[in-house]
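A.B. asks: Take a look at the following structure, please.
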Amino acid sequence: MNERGKIRDYLAYEFTEPIRDPLWNHIYLTPGLKEIAATQAFQKLAGIKQLGPTYMVYPGATHTRLNHSLGVFSLSRRVIQALVSFDSVCTLTAEGVRSFLCAAMLHDLGHFPYAHSLKELPLASHERLTAWIVRDAPLAGVIKEAMHADPEVVAAIVDTGVDAGGSAEIAIYRKILSGVLDPDKLDYLSRDAYFCGVPYGVQDIDFIISKLRYHEPEGLVLDEQGLHAVENVLFSKYLMYRSVYWHKAVRIATAMIKKSIFLGMRDGIIGPSALYGLDDNDFFSKFGSDTYKYSGLVKAVNTRQLYKTVAEAPFVAGNPSHERLLDLDARSELEGEICGEINTDATGVIIDIPEKISFEVELQIERAGDLVPFVKAGTVFSKDVIGGFAGTLRKIRLMVHPDLAVESRSYGDIFRWIN
């Protein structure tokens with residue numbers, strides 16, 4: 001039997017262990033993947049909420065990184081099943097597919113608690129942390145023995161900073177796992193919408209997968225009939241950021257957590273290693289303790305005593321004053337000036353600026369045997385439209401302790417500092 005036949009048989013017959021999932025119904029694992037799912041490293045993800053503080057706005061949003069990881073794995077298996085039906089797929093191996101499926105299931109092992117609150121801090125990326133975990137004992141041994149997969153390949157698929165040795169197969173898996181129609185995005189948009197009780201993120205998964213094509217050397221491309229599926233993903237992403245991910249209350253809670261940890265790192269109280277390997281409970285136990293100098297912000301979030309937004313303005317890309325504040329040290333300096341002017345301590349004022357988000361699509365569309373860039377394939381999502389999406393989402397907000405917000409102060413001229 002050739003390699004493609006081995007892969008097809010493996011994907012069709014070896015997945016015998018069902019797990020119930022509210023979104024995708026049954027997710028089937030192999031006995032080896034079930035062993036991996038039972039490891040401490042994977043089970044730790046059950047203690048990390050996928051959307052961090054979003055449950056304060058959407059009470060159903062208590063699903064976890066473990067739920068999401070299983071969903072990403074399931075969709076990844078379906079994508080590979082679709083791709084190996086094409087004769088053009090000649091570079092995949094059975095061992096490579098096993099390693100890819102491990103990477104799909106384990107891709108968030110190094111994720112920090114509280115969603116993306118710590119994303120801008122000087123820490124190793126969660127992908128880099130994942131690569132460290134899968135190459136270390138005991139998980140590396142389980143990957144080798146239970147899955148007959150290569151931990152080094154798993155790490156290289158998840159973390160693009162790992163040298164792949166020029167492997168064309170690893171390059172394909174990276175493109176599948178990270179892109180506009182990747183299993184990660186398809187799962188989190190649909191799953192987050194489901195648990196938040198909003199309709200915006202739902203994707204037509206069966207249709208999308210049926211229109212994926214494999215192309216040398218591009219890897220993953222999309223049949224022209226699936227063009228509107230990309231448009232739906234982009235608009236869903238925009239609506240989910242607007243109504244869920246960057247909801248004002250969520251941004252406030254996120255900014256408070258980040259401010260607490262930033263101050264601790266700035267003062268040398270904590271280092272990066274103190275933040276690695278934590279779940280939500282670990283985080284609140286460690287940084288919500290009275291022994292931590294800036295625990296007040298963490299405890300306030302935990303009890304929903306959120307800061308108040310007293311001024312806001314659109315973030316203008318290219319504005320030097322705005323761009324300067326993307327640097328956390330410069331932002332902290334300005335916060336300190338404002339604290340001095342209104343006579344409060346370093347924790348009383350927070351400036352929040354969401355990170356840059358991209359709606360650009362590099363996916364190639366297959367039309368009559370030729371490849372056409374998405375933006376030239378007849379989509380309504382021109383560069384101006386995409387730029388408008390990002391522009392309406394990013395706002396600079398000044399947040400203050402609730403006691404400061406109710407005092408008879410005028411914050412109307414606060415943005416003189418950043419004009």
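A.B. asks: Could you compute the FRET efficiency for residue 223 and residue 285, with r as their C-beta to C-beta distance and R0 at 51 Å, rounded to 0.05?
C.D. replies: In this case the efficiency is close to 0.55.
A.B. asks: Could I ask something else about it? For every other residue with a beta carbon closer than 12 angstrom to the beta carbon of residue 264, add +1 if it is Lys or Arg and -1 if Asp or Glu, then tell me the sum. Write out the running numbers ahead of the final one.
C.D. replies: Numbers: positive: 258, 259, 266, 286, 293; negative: 267.
Charge balance near residue 264 sits at +4.
A.B. asks: Counting helices only, and only those DSSP H runs with n ≥ 4, report the 222 nm mean residue ellipticity of the chain as the sum of -39,500 (n - 2.57) divided by its residues, in deg cm²/dmol to the nearest 500.
C.D. replies: -13500 deg cm²/dmol
A.B. asks: Please give the Cα centre distance for the stretch 189-245 versus the stretch 281-297, rounded to the nearest Å.
C.D. replies: Here the two parts' Cα centres lie 38 Å apart.
A.B. asks: Separate question: With a Förster radius of 25 Å, plug the Cβ-Cβ distance of residue 119 and residue 368 into 1/(1 + (r/R0)^6) and report the FRET value to the nearest 0.05. Working shown, then result.
C.D. replies: Values: r = 42 Å, r/R0 = 1.67.
Between residue 119 and residue 368 the formula returns 0.05.
A.B. asks: Listing 360, 169 from the residue with the fewest other Cβ atoms within 10 Å to the one with the most, what is the order?
C.D. replies: So the residues, fewest neighbours to most, are 360, 169.
A.B. asks: Relative contact order for the stretch 252-341: what percent, with Cα pairs under 8 Å and sequence separation of 6 or more?
C.D. replies: 28
A.B. asks: Just need the relative contact order of the chain here, percent rounded to a whole number, with Cα pairs under 8 Å and 6+ apart. Don't jump to the answer; show the numbers that get you there.
C.D. replies: Details: 614 pairs, mean separation 62.6, N = 419.
RCO, the chain: 15 percent.
A.B. asks: Kindly list the residues of the stretch 289-304 that lie in the label zone of residue 62, defined by a backbone N under 17 Å from the point 7 Å along the Cα-to-C-beta vector.
C.D. replies: Only 302-304 fall inside the zone, counting backbone N under 17 Å.
A.B. asks: Let me ask another. Take 235, 73 and order them by how many other Cβ atoms sit within 10 Å, fewest up front. Walk me through the intermediate numbers first.
C.D. replies: Values: 235 16, 73 27.
Fewest-to-most Cβ neighbours within 10 Å comes out as 235, 73.
A.B. asks: Let me ask something else about it. Note down the net charge around residue 285, summing +1 for each Lys or Arg and -1 for each Asp or Glu among other residues with Cβ under 13 Å from its Cβ.
C.D. replies: Local net charge: -2.
A.B. asks: While we're on this one: Can you compute the modelled spin-label distance between residue 168 and residue 276, with each label point 7 Å from Cα toward Cβ, in nm?
C.D. replies: Distance between label points: 3.6 nm.
A.B. asks: Given Cβ point charges of +1 (Lys, Arg) and -1 (Asp, Glu) and nothing else, what value in debye, to the nearest 20, does the dipole of the stretch 3-245 about its Cα centre take?
C.D. replies: Working: 23 positive and 29 negative charges, 129 e Å.
Dipole about the Cα centre, nearest 20: 620 debye.
A.B. asks: In square nanometres, what is one fourth of the surface area of the convex hull spanned by the alpha carbons of the stretch 1-118?
C.D. replies: On the way: hull surface 33.5 nm².
Average of the hull's projected areas for the stretch 1-118 equals 8.4 nm².
A.B. asks: Could you give the dipole magnitude of the chain about its Cα centre, charging the beta-carbon of Lys and Arg +1 and that of Asp and Glu -1, in debye to the nearest 20?
C.D. replies: 880
A.B. asks: Further, regarding this structure: Between residue 144 and residue 19, what is the spin-label point distance in nm, taking each point 7 Å from the Cα along the Cα→C-beta axis?
C.D. replies: 2.4
A.B. asks: Okay, moving on. Normalise the Cα radius of gyration of the stretch 251-358 by 2.2 N^0.38 Å (N = residues in it) and let me know the number.
C.D. replies: Working it through for the stretch 251-358, the quotient is 1.12.
A.B. asks: Quick one: Debye curve from the alpha-carbon atoms of the stretch 28-74 only, equal weights, vacuum; give me log10 I(q)/I(0) at q = 0.14, 0.15, 0.33 Å⁻¹ to two decimals.
C.D. replies: -0.38, -0.43, -1.16
A.B. asks: Of 339, 196, how do they rank once you tally other Cβ atoms within 10 Å and put the fewest first?
C.D. replies: Ascending Cβ contact count within 10 Å gives the list 339, 196.
Read-outs: derived from the displayed coordinates by stated rules, not from any lab. Predicted, not measured: the structure shown is a model, and the values here were computed from it. Glycine also receives a Cβ, built like all others from the backbone with ideal geometry; neighbour counts cover every protein chain displayed.
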